[in-house]
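Chemist: Below you will find the structure I want to go over with you.
The values are calculated or read from the model by the stated rules, or taken from the named source; none is laboratory data. The structure presented is a predicted model; accordingly, all values stated were derived computationally and were not measured. Note that each Cβ is placed from the backbone with ideal geometry, even for glycine, and that neighbours are counted across all protein chains shown.
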Amino acid sequence: MSQATSSRSTWSSRWAFILVTIGSAVGLGNIWKFSYLAGASEGSVGVFVVVYLVCVALIGLPLLMAEILIGRRGRGNPVVAMLNTAEESGNSSWWALLGWVGIFGALMILSFYSVVSGWMVDYFWQSLVEGVYVNTAEEAKAAYDAMISDPLRLGLWHTVFMILTAGVVARGVVGGIEAANKIMLPLLFLILVLLTIWGAVAGDMPKALGFMFNLKTEAIKPGVVIDGMGHAFFSLSLGMGAIMAYGSYLDKKTNIGHTCVWIAAAGSFIGLLSGAAIFSLTFGYGLTPAAGPGLILQTLPLAFTYMPGGRLFAIFFFLFVIFAAWTSSISLLEPFVSWLTERYGIRRARAAWGTALPVWLLGLAVCLSFNKWSEFKIFGRILFELLDHLATRVMMPLSGLAIAIYVGWRLGKVIVVDEIRLKQRAFTLWFNVLRFIVPVGITLIFLYELVLRDWLK
Ligand code: PFF
């Protein structure tokens, strides 16, 4: 029997939904991961960027629509939404497994996402109280290493970030998540525009754009193409129940197709803009962009030290990253919390704090994996790398693949047409891309990540 979900909240408008979903999409992925992945594909950055954009359009957008469709049709948390739609379409209840992978996968991501967000809070705090001043690249690296090797410091900021996250989710869908996004996203965008102009004046924007869009075809490596695809996935929050959970609070009138075009376009635009600001400063101060995952913490502080108004810039920059991370982390906590409240009738606040607790504990272990427990490796990876790898490289593509198969091949056209009210041609295009291109694309990423990457090295 379908599980009753009649008294669920709904976003206050279509724009509110667009805003919260952009909030989920734009996060550490667009700023922290994008800049180091682009920096790491030195020589074919343009290819990485173009592949990423093509994949946002060809894999991300169709999947975004499919996930929202399931959430809205199933009117429940990811587990219930899968159960309800499977029942309605005469499919096996085993499909609910997809919901389970989503709600647990999201918590896994949250455990290390919160730790990395904590780094940003740490740097924000430093900029605020004393300024981040470093004179050489070695000093910048030493400052970063000092933070990473201090479990108490990592734990403290991770704790602060988890409290921020649970605090919003505890306040509810409209009163918490929507309200927080309505404040943070416009501010985030405003700060970003400011930073981009500032970065263009103080740095070297032409060089940054040349770097980001230089399509040197002779330099295409297979790894770059597939990294671009994987990144499109992570940066659109796909396959982890977050989008499905948000879709479940969407009213029936909203046109999913049109809405998703906005979300995907705004998500990648904000990502590109922040990349342009970061690289403009990087080149303007003669730095190299290939510093790895610590790029924005090891490269930018040097620019902050020397640029005019650098300290204020740093404060705004880290505030921007924190807002971006915060609006994403709440979407990682929400799927499990909505499941707890709907399944057991637990009060939302209690469910939010109760879910945050084990995630926080796992996050503390992640903090330790950088220092005290750095010798302890599973499959050659410290806990931080293992969780990141498992969630973003294994669970996300697999569950995206299953969603494409489910909506494209199992759900039945009647339900799909009823939810996706696009004109005939647009609908056929979307449906065929979802049925053919998305599964093939994801299978390629997946094969590559599991088998080929190490092999191709
Ligand atoms: N899209 C977020 C980012 O780019 O930082 C990360 C993310 C959020 C991934 C929510 C998955 C998710 F369900």
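Chemist: Considering only residues that are out of contact with any helix residue (DSSP H, G or I) (no Cβ under 7 Å at 6 or more places or on another chain) and either assigned to a helix (DSSP H, G or I) or of a type in the set (A, V, I, L, M) (or both), look in the stretch 89-116 and name the one that is farthest from residue 10 (Cα to Cα). Please lay out each step first, then the result.
Modeler: Taking the stretch 89-116 first, the residues out of contact with any helix residue (DSSP H, G or I) (no Cβ under 7 Å at 6 or more places or on another chain) are 90, 94, 97, 104.
From what's left, either assigned to a helix (DSSP H, G or I) or of a type in the set (A, V, I, L, M) (or both): 94, 97, 104.
Numbers: 94: 28, 97: 25, 104: 24 Å.
Among those residues, the one meeting the criterion is 94.
Chemist: Would you pick out the residues in the stretch 160-203 that are within 20 Å of residue 337 (Cβ to Cβ) and polar (S, T, N, Q)?
Modeler: Answer for the stretch 160-203, where residues must be within 20 Å of residue 337 (Cβ to Cβ) and polar (S, T, N, Q): 165, 181.
Chemist: Then there is this: Within the stretch 336-359, is there a residue that is within 19 Å of the chain's Cα centre (by Cα), of a type in the set (Val, Ile, Thr) and under 16 Å from residue 243 (Cα atoms)?
Modeler: Narrowing the stretch 336-359 to residues within 19 Å of the chain's Cα centre (by Cα): 336-337, 356, 359.
Within this subset, residues satisfying the condition of being of a type in the set (Val, Ile, Thr) are 337, 359.
Still in the running and under 16 Å from residue 243 (Cα atoms): 337.
Within the stretch 336-359, one or more residues are within 19 Å of the chain's Cα centre (by Cα), of a type in the set (Val, Ile, Thr) and under 16 Å from residue 243 (Cα atoms).
Chemist: What number of residues within the stretch 263-290 satisfy the criterion of being away from the ligand (no atom under 16 Å from the Cβ) and under 22 Å from the mean Cα position of the chain (by Cα)? Show your work before the answer.
Modeler: Taking the stretch 263-290 as the starting set, the residues that turn out to be away from the ligand (no atom under 16 Å from the Cβ) are 276-277, 279-290.
With the extra rule that they be under 22 Å from the mean Cα position of the chain (by Cα), the set shrinks to 276-277, 279, 289-290.
Residues in the stretch 263-290 being away from the ligand (no atom under 16 Å from the Cβ) and under 22 Å from the mean Cα position of the chain (by Cα): 5 in total.
Chemist: Looking at this structure, is residue 79 away from the ligand (no atom under 13 Å from the Cβ), at pLDDT 95 or above and of a type outside the set (Ser, Thr, Tyr)? Steps first, answer last, please.
Modeler: On the way: away from the ligand (no atom under 13 Å from the Cβ): yes; at pLDDT 95 or above: yes; of a type outside the set (Ser, Thr, Tyr): yes.
When the stated conditions are applied, residue 79 passes them.
Chemist: Let me ask another. For the stretch 350-401, which positions are among the small types (Gly, Ala, Ser) and over 24 Å from residue 340 (Cα atoms)? I'd like the intermediate steps shown before the answer.
Modeler: Step one: filter the stretch 350-401 for residues among the small types (Gly, Ala, Ser), giving 351-352, 354, 356, 363, 365, 369, 374, 380, 391, 399-400.
Across the stretch 350-401, the qualifying residues are 365, 369, 374, 380.
Chemist: Moving to a separate point now. Out of curiosity, is residue 132 hydrophobic (A, V, I, L, M, F, W, C) and within 14 Å of the ligand (Cβ to nearest atom)? Quick ask: steps written out before the conclusion?
Modeler: Numbers: hydrophobic (A, V, I, L, M, F, W, C): yes; within 14 Å of the ligand (Cβ to nearest atom): no.
So residue 132 does not fit the description; no.
Chemist: Say whether the condition of being more than 29 Å from residue 309 (Cβ to Cβ), aliphatic (A, V, I, L, M), in contact (Cβ under 8 Å) with a residue 24 or more places away in the chain and buried (at least 21 other Cβ atoms within 10 Å of the Cβ) is met by at least one residue in the stretch 115-129.
Modeler: Yes, the stretch 115-129 contains a residue that is more than 29 Å from residue 309 (Cβ to Cβ), aliphatic (A, V, I, L, M), in contact (Cβ under 8 Å) with a residue 24 or more places away in the chain and buried (at least 21 other Cβ atoms within 10 Å of the Cβ).
Chemist: What residue, of 35, 93, is at pLDDT below 95 and either farther than 19 Å from residue 256 by Cα or in contact with a strand residue (DSSP E or B) (Cβ under 8 Å, 6 or more places away or on another chain) (or both)?
Modeler: Details: 93 fails: at pLDDT below 95.
That would be 35, the only listed residue that is at pLDDT below 95 and either farther than 19 Å from residue 256 by Cα or in contact with a strand residue (DSSP E or B) (Cβ under 8 Å, 6 or more places away or on another chain) (or both).
Chemist: For the stretch 320-351, which positions are away from the ligand (no atom under 16 Å from the Cβ) and either crowded, with 24+ Cβ neighbours inside 10 Å or closer than 16 Å to residue 29 by Cα (or both)?
Modeler: If we filter the stretch 320-351 for residues that are away from the ligand (no atom under 16 Å from the Cβ), which is where we start, we get 340-351.
The one that is away from the ligand (no atom under 16 Å from the Cβ) and either crowded, with 24+ Cβ neighbours inside 10 Å or closer than 16 Å to residue 29 by Cα (or both): 351.
Chemist: Another one. Considering (1) modelled with pLDDT under 90; (2) hydroxyl-bearing (Ser, Thr, Tyr); (3) crowded, with 24+ Cβ neighbours inside 10 Å, say which one residue 288 fails and leave the rest.
Modeler: (3)
Chemist: Somewhere in the stretch 226-237, is a residue buried (at least 18 other Cβ atoms within 10 Å of the Cβ), farther than 24 Å from residue 68 by Cβ and under 21 Å from the mean Cα position of the chain (by Cα)? Please lay out each step first, then the result.
Modeler: Pass one, the stretch 226-237, residues buried (at least 18 other Cβ atoms within 10 Å of the Cβ): 226-237.
Retained after the next criterion (residues that are farther than 24 Å from residue 68 by Cβ): 226-227.
Cutting the leftovers down to under 21 Å from the mean Cα position of the chain (by Cα) gives us 226-227.
The answer is yes, given that some residue of the stretch 226-237 is buried (at least 18 other Cβ atoms within 10 Å of the Cβ), farther than 24 Å from residue 68 by Cβ and under 21 Å from the mean Cα position of the chain (by Cα).
Chemist: Follow-up. Of all residues in the stretch 19-78, which are on the phi < 0 side of the Ramachandran plot and of a type in the set (D, E, K, R)?
Modeler: 33, 42, 67, 72, 73
Chemist: Also, quick follow-up: If I filter the stretch 236-250 for residues that are within 16 Å of the ligand (Cβ to nearest atom), at pLDDT 95 or above and more than 30 Å from residue 447 (Cα to Cα), do I get at least one hit?
Modeler: Checking the stretch 236-250: at least one residue is within 16 Å of the ligand (Cβ to nearest atom), at pLDDT 95 or above and more than 30 Å from residue 447 (Cα to Cα).
Chemist: Quick check: anything in the stretch 208-227 farther than 20 Å from residue 22 by Cβ and within 16 Å of the ligand (Cβ to nearest atom)?
Modeler: Quick first cut of the stretch 208-227, residues farther than 20 Å from residue 22 by Cβ only: 208-227.
Subsequent filtering for residues that are within 16 Å of the ligand (Cβ to nearest atom) retains 227.
Yes: one or more hits.
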